[in-house]
Amino acid sequence: MMRFKQSLIHACVVGLLATTHTATLAADMMAENKALARQLAISEVQALEGAGRFDETQVLVKFRPGASAAERERVIRSFGTGARRLGGQGKQVMATGEFYVVKLGRRWSVASVMSRIAEDDSAVDYIVPDWILKLQAEPANDPDFAKVWGVQGRTTSPASPFGTGAAEMWAKGYVCKSAAPAYVAVLDTGVRTTHQDLRDQVFINPNEAAVDQRDDDGNGLVDDVKGWNFYANNNNVEDDHSHGTHVAGTIAARRNNALGSVGMCGDGAVKIIPVKVCSSGGSCPTSAVLAAMNYVVDLKKNRGINVVAVNLSLGGLTSTPNLAGIEYFQAAQEAGIMVAAAAGNNGVNTDDRFMWPASLPVDNIISVANLKADGMLSSSSNHGASSVDIAAPGSGIYSTVHGSDSAYNWKSGTSMAAPHVAGAIGLYRVLHPQADVAETRHALFSTAAVESSLAGKVAGGRRLDVSAWPWQTVTTSYVARCGLNAGKTGFWFLVNAYTDDSRRTVLRYMGISYKAYDPTGKLLNTYIGRTNNNGAALWAFNRSAQPWGQQFTVQVQTDDGGSRTYSSSELNCPVP
């Protein structure tokens, strides 16, 4: 959806085109309007020179479809000292054309290249600055909020009537579980992959062997086992800032583990792909973001990874439309990948300004504003009745941080609002694996709560609310048996797991655990494994015929959320 309000000049041109029958005149007017818009963009770049808003040593060049290697080299040599193809040697996911990052020669400025080269050369589609984007987080200034109010709802304890309502569904026994996980790519400062609430939720590339200095999956990136660092161009995705780890926790921090915080889908069905695009100081080049988008779409289209969403809690505000790299977001849409983007913390109306990437006119992008716990929009949040899609909890959000494997803290901003939506998208795609972009977008908007306080600030006055979604309930059933080996010197415990009470379909290759307790509740033994092709998992004691005595209980749990406890009297195990 086009979110940036059209200029008065463009509106006049459109009006004239509606009343003229002269095709030549229409074409001339559109060309003139395009040229004027381009000149306005160049003027803005000139005004921002020296302000640190873009990299003044390089530009992004989009070549036209069909431009030959010789034409590309000619253009690059005309003003540049070197160039690299965006995304490296991996497969480009755009339908047409190619992007290059070109280093400028000493006599060239970004504005001069934009005005002289892009205008005159038929091999060039467009040239734009490599804008330096900023993280959209602020210091949390109200730590008295309930620690996880963003996932709570009207009926939870404590109640948070403007939370997303996820915890309301947990209280009813609903879960976010699946044998086939959905992946959300976090394009940010990295993620602390060893954090106690995240380590089980982090992507492991099945197409890449353990670190072996080889590009096993042939995507041009060596050892992208857990993702990739496009800021430093290596495989170190660890967080050196904290922002990305906080975002990841809001999406998928583990639930029911008696630790810290909890994410929108913390039951294991949503995994995080760490993709580092920012420096330790929070500066994020557009070129790194676009290369990361290429990587994520390639994972989905060519590597078999079920990427359902990208979280972009970063952005840059301009006075003129900035469509840099829109092709990568269009490629993501074609691959069925949603994008949750921070609306920005400038406190401005983005119906009249442009926030990249939240304002890009692509339907898979959801622009997210910062909602406070009292249901009001934060004064720092960007807003716009047509440019901002939805509001979500973003003030005083408690989540994982990078200081240690057990560190948590509060942060605020549209950076914290966006991952609530990214997590909700992951949740919806777990519940509806075949859903496309249009269906997912409709689900977010049609079930959103409508708040009068958001009227005129957010499209439809919408705030995120997942409490009415058709979540899954756990219907797993089990058949447990126990016995002795032939010599009566060893004991075994066997469980067959099924998807429901009909016991017609076995639960294959599902994580399963057994915990044995004595009559006082003391834990005796623990087994962790996985069911086989027949839905069975065997726990054997070869040297003990009575490992738990004559009276005991065994708790069975599977990773889909199912559980059942058996008593020794119910099992009626044989004794030697």
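The values are calculated or read from the model by the stated rules, or taken from the named source; none is laboratory data. Everything quoted here is computed from the prediction, not taken from an experiment. Counting neighbours? That spans all protein chains shown, and the Cβs are built from the backbone with ideal geometry, glycine included. Areas reflect the complete protein model, heavy atoms only, side chains present, ligands, DNA and RNA absent. Shrake-Rupley method; radii C 1.70, N 1.55, O 1.52, S 1.80 Å.
Results, tabulated for the structure shown:
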read-out	value
Rh (Kirkwood; distinct C-alpha pairs) - segment 266-423, Å	16.1 Å
Rg ratio (alpha-carbon, reference 2.2 N^0.38 Å) - segment 267-319	1.31
Charge dipole magnitude, Cβ of K and R +1, D and E -1 - segment 197-292, Cα centre, debye nearest 20	380 debye
Most positive-pole-ward Cα, 69, 523, 296, against dipole of the chain from beta carbon charges	523
Heavy-atom accessible surface of the chain: percent carbon and sulfur, 1.4 Å	49 percent
Stretch in the chain that is longest and holds no trypsin sites (Lys or Arg not before Pro) that DSSP places in a loop and that have at most 11 other beta carbons within 10 Å	215-503
√(5λ) per eigenvalue of the Cα gyration tensor, segment 358-421, largest first, Å	24, 14, 8
Compactness relative to 2.2 N^0.38 Å, alpha carbon Rg of segment 139-267	1.23
Difference of contour (0.36 nm per residue) and Cα-Cα distance, residue 468 to residue 502	9.5 nm
Given charges at Cβ of Lys, Arg, Asp, Glu: segment 145-285 dipole, positive-most of 184, 220, 204	184
Heavy-atom accessible area per residue - the chain, 1.4 Å, Å²	41 Å²
P(r) histogram, all alpha-carbon pairs of segment 414-506 included - 10 Å bins from 0, percent	13, 28, 20, 15, 12, 8, 3, 1
Estimated Rh, segment 487-576: Kirkwood, alpha-carbon pairs, angstrom	13.7 Å
Calculated over segment 526-576: convex hull of Cα atoms, volume per residue (Å³)	107 Å³
Alpha carbon Rg of the chain, scaled by the compact-globule rule 2.2 N^0.38 Å	1.10
Average silhouette area of segment 315-358, convex hull of alpha-carbon atoms, in square nanometres	3.2 nm²
Pair residue 122, residue 513: separation of 7 Å Cα→Cβ label points (nm)	6.7 nm
Geometric extent, Cα atoms of segment 335-388 - Rg, Dmax (angstrom)	11.3, 37
Share, in percent, of DSSP beta bridges within the chain that are antiparallel, nearest 5	70 percent
The chain - charge dipole about Cα centre, Lys and Arg +1 at Cβ, Asp and Glu -1, debye rounded to 20	1060 debye
